1. By how many nm would the segment from residue 31 to residue 52 lengthen if fully extended, with 0.36 nm per residue of separation less the alpha-carbon distance?
2. Taking amide H positions as placed in the peptide plane 1.01 Å from N, state which residues far from residue 67 in sequence (5 or more) or on other chains have amide H under 5 Å from it.
3. Compute, for the range 20-84, the length of the dipole vector about the Cα centre, with Cβ point charges of +1 (Lys, Arg) and -1 (Asp, Glu) only. Units Debye, rounded to 20.
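Each reported figure results from applying straightforward, stated rules to the coordinates on display, with no laboratory input. Bear in mind that the values here come from a model prediction, so they are computed numbers and not experimental data. All Cβ positions, glycine included, derive from the backbone under ideal geometry; neighbour counts span all protein chains shown.
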Amino acid sequence: MVSREDPPERRVSSMAMEPQTANRNVQPSKRLGGWEILRAGSRRASAFDNTRAGAVRKARAMVRKEGGGEVRIKNDLGKVVELKKVRGSLLGRRAAA
């Protein structure tokens, strides 16, 4: 029996239709003290800083470089206490490559 589904090259995933944002979470580090920066949905830190202000500065730079998004600052309990929207850089990722 012949399937009536579209061939694989014609299928469009829902991920391809959504705009890609580079959201980051800044939260206190339980192991090291200080603050860690994580990509949203990740468990492993992508950067670390001793101060909250330094971690937020690094996270904003990462998000700006990757095209814009949000930086969520969390407290010890994991609750978002501050949200910063970041616009993307005019140079973007391609200029850095």
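1. 6.0 nm
2. For residue 67, the qualifying residues are 89.
3. In total the dipole reaches around 80 debye.
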